[in-house]
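Scroll down for the structure; my scribbles are underneath it.
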Amino acid sequence: MNLKELSSLNVLEKNLGSSTGSNWFASGKQFDSFSPTNGKYIGSVLSTTKAEYEQIIKKAEEAKLYWRDIPAPKRGEIIRQLGDKLRQEKEILGKLVSYEMGKSYQEGLGEVQEMIDICDFAVGLSRQLYGNTIHSERPGHRMYDQYHPLGIVGIITAFNFPVAVWAWNAALALVCGNVIVWKPSEKTPLCAIACQNIMAQILKENNLPEGISSVVTGDAEVGKWIAEDERITLVSATGSTRMGKQVAVTVANRLGKTLLELGGNNAIIVTPSADLKMTIIGAVFGAVGTAGQRCTSTRRLIVHEDVYDKVKSSLVEAYKQIKIGDPLDSNNHMGPLIDTDAVAMYLDALNQIKEQGGNILVEGKVLEGEGYESGCYVTPVIAEVENHYPIVQDETFAPILYLIKYSGEVQNAIEIQNSVKQGLSSAIMTTNLRESELFLSQNGSDCGIANVNIGTSGAEIGGAFGGEKETGGGRESGSDAWKIYMRRQTNTINYTTSLPLAQGIKFVL
Ligand code: UN1
């Protein structure tokens, strides 16, 4: 790719430590961003020091007082401008996402589209943010509940969705009247700086304080500052279950709020009546899309014995068609893993599958030679396993698909699906109404997302996104997920001349 193309996003200077007119300062340790697509250096970003962090939070605190007084529909207007700007920058930002993170250009564009979609959603929401009116048990009393901004919202994001997850949180938190402080993954810092530049420009054009949208850069230490910081009312964190547990404990220790979106171990149940063509497309996209590095990636395929051999041979055939290479080349289906550490984890998982008795159907390897110089390209794997194997319990962020056989009724498949610690996304492929309704019932999938006849990944922003159990329980994006970004207040107003007590209590003076 021609790096000059990215220059409009102002992310290519060396040693970036601040962006003009934006609440991001950093003069600490340098971390370099290399593209996993070709191993080439893109740019360097400095870490925010503790003193700079304090400066950033101070500006955020000042900005929060200003921003919360702006009427919600006016705040929505700022998010409308963000959506417009993202529409203009869609191709170039999509390219940067693809180049710095390694997902296909199509998926990079899709990620920016998710940002645009959530902006549209948030603009509408800015005229809603509804509370309820409640009937009082006392005469001449009125009750209602209303929602107020929280203050500062901390956003910790992962490398795999380097821009969209920020946008889900940013768009909602901002229309709800909060200011935001973002700690992006140190693996994709330039994507974050590009978003911050876009946001800062909009704030500037509207004469709004820079502290409304801030970035802090660095490693887990910076994440810890956010988790410990009593000035940050809500911490929204996306990443591994291990990271989420640390954030949860630290924030709970100060009785702060968290929104956690952690690991998944997502399965598709394939029943005897499944449409095979749809099943194969859904499973392959779910398993190899983003090189298996989505939290919604399909990790397990739980297939009925009657269709097992057919599904298995069709999948193996489909995997032969997968083209791996430069994600910016639209002929390729799959790009690289994020870095060589991820490759090492993939190789380790392959060893574990074999040691634990798995049968590898499509063998994995690290690709070498022309076009694969970064050392981050691997081939997607299919392995026959049993659900109880230790390796199957873990979320390996790589394109490894486990095939698991079930027999008898669909309940057996649901039981297998639910018997892991994670609970993010799930799907069933069936044309049998009884099976699909059971899957969606209280006795069905225990996940936050349960789909019928589509795969596990690729959720739309309109629904609440997140999962149960070790996935963390948080919900972001659509539906009423906005409520987590606000504090609820119940108001009771007495417009009479007497003071009756609730519950009929008599108190006479
Ligand atoms: C993630 O992997 O953290 O549902 C988010 C999906 C995307 C979002 C994934 N819309 O696959």
Inset, instruction - Could you check, for the range 139-147, whether at least one of its residues is touching a helix residue (DSSP H, G or I) at 6+ places or on another chain (Cβ under 6 Å), at pLDDT 95 or above and in the same structural domain as Val247 (by TED's automatic domain parsing)? - result: no
Legend entry - Residue identified as over 30 Å from Tyr105 (Cα atoms) and part of a loop (DSSP other than H, G, I, E, B) among Pro162, Pro139: Pro139
Legend entry - Residues satisfying the stated conditions in the range 271-289, i.e. in contact (Cβ under 8 Å) with a residue 40 or more places away in the chain and more than 16 Å from Ile382 (Cα to Cα): Thr271, Ser273, Ala274, Asp275, Met278
Inset, instruction - Could you tell me which residue of the range 458-473 is nearest to the ligand (Cβ to nearest atom), considering only residues that are surrounded by 24 or more Cβ atoms within 10 Å (Cβ to Cβ) and either of a type outside the set (Val, Ile, Thr) or within 14 Å of Leu129 (Cβ to Cβ) (or both)? - result: Phe465
Inset, instruction - Please work out if Lys64 is assigned by TED's automatic domain parsing to the domain that holds Glu205 and touching a strand residue (DSSP E or B) at 6+ places or on another chain (Cβ under 7 Å). - result: yes
Inset, instruction - Specify which of the listed residues (Asp275, Asp219, Asp309) is away from the ligand (no atom under 16 Å from the Cβ) and either among the aromatic types (Phe, Trp, Tyr) or closer than 30 Å to Thr188 by Cα (or both). - result: Asp219
Inset, instruction - Show the residue pairs that are 6+ apart or on different chains and have beta-carbon atoms under 8 Å apart, the first residue being within the range 252-268 and more than 21 Å from Glu386 (Cβ to Cβ) and of a type in the set (Lys, Arg), the second being more than 10 Å from the ligand (Cβ to nearest atom) and assigned to a strand (DSSP E or B). - result: Lys257/Thr233; Lys257/Leu234; Lys257/Val235
Inset, instruction - Could you list, in sequence order, all residues of the range 73-118 that are aliphatic (A, V, I, L, M), farther than 20 Å from Glu205 by Cβ and either away from the ligand (no atom under 16 Å from the Cβ) or touching a Gly at 6+ places or on another chain (Cβ under 6 Å) (or both)? - result: Leu96, Val97, Leu109, Val112
Inset, instruction - Looking at (1) surrounded by 15 or more Cβ atoms within 10 Å (Cβ to Cβ); (2) among the charged types (D, E, K, R); (3) over 25 Å from Glu230 (Cα atoms), find the lone condition where Glu5 falls short. - result: (1)
Legend entry - Pairs, first touching a residue at least 24 places away in the same chain (Cβ under 8 Å) and assigned to a strand (DSSP E or B) in the range 448-462, second hydrophobic (A, V, I, L, M, F, W, C) and more than 8 Å from the ligand (Cβ to nearest atom), C-beta under 6 Å, six or more apart: Ala450/Leu440; Asn451/Ala427; Val452/Ile428
Inset, instruction - Would you mind finding the one in Gly154, Gly177 that is away from the ligand (no atom under 16 Å from the Cβ) and in a loop (DSSP other than H, G, I, E, B)? - result: Gly177
Inset, instruction - Quickly run through the range 126-156 and pick out the residues that are within 23 Å of Gly474 (Cβ to Cβ) and of a type in the set (Phe, Trp, Tyr). - result: Tyr130, Tyr147
Inset, instruction - Name the single residue, out of those in the range 71-110 being hydrophobic (A, V, I, L, M, F, W, C) and farther than 25 Å from Ile322 by Cβ, that is surrounded by the fewest Cβ atoms within 10 Å (Cβ to Cβ). - result: Ile92
Inset, instruction - Go through the residues of the range 236-259 one by one and say whether even a single one is under 21 Å from the mean Cα position of the chain (by Cα), part of a strand (DSSP E or B), more than 14 Å from the ligand (Cβ to nearest atom) and not aliphatic (A, V, I, L, M). - result: yes
Inset, instruction - Name every residue in the range 373-401 that is in a loop (DSSP other than H, G, I, E, B) and surrounded by fewer than 17 Cβ atoms within 10 Å (Cβ to Cβ), in order of residue number. - result: Glu373, Gly375, Glu386, His388
Legend entry - Members of the range 402-421 that are of a type outside the set (Gly, Ala, Ser), part of a loop (DSSP other than H, G, I, E, B) and touching a helix residue (DSSP H, G or I) at 6+ places or on another chain (Cβ under 7 Å): Val420, Lys421
Legend entry - Pick from the range 429-451, criterion within 20 Å of His388 (Cα to Cα) and more than 16 Å from the ligand (Cβ to nearest atom), ranking: surrounded by the fewest Cβ atoms within 10 Å (Cβ to Cβ): Asp446
Inset, instruction - Please tell me if Thr298 is within 14 Å of the ligand (Cβ to nearest atom) and surrounded by 20 or more Cβ atoms within 10 Å (Cβ to Cβ). - result: yes
Inset, instruction - Quick one: Lys320 ticks every box in (1) among the charged types (D, E, K, R); (2) buried (at least 22 other Cβ atoms within 10 Å of the Cβ); (3) more than 25 Å from the chain's Cα centre (by Cα) except a single one, so which number is it? - result: (2)
Inset, instruction - Look through Ile484, Ile505, Ile454 and report the one residue that is within 16 Å of the ligand (Cβ to nearest atom) and either surrounded by 14 or more Cβ atoms within 10 Å (Cβ to Cβ) or outside the structural domain of Lys421 (by TED's automatic domain parsing) (or both). - result: Ile454
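The values are calculated or read from the model by the stated rules, or taken from the named source; none is laboratory data. Everything numeric in this text was worked out from a predicted model, so none of it was measured. In this analysis, Cβ positions are derived from the backbone assuming ideal geometry, glycine residues included, and neighbour counts consider all displayed protein chains.
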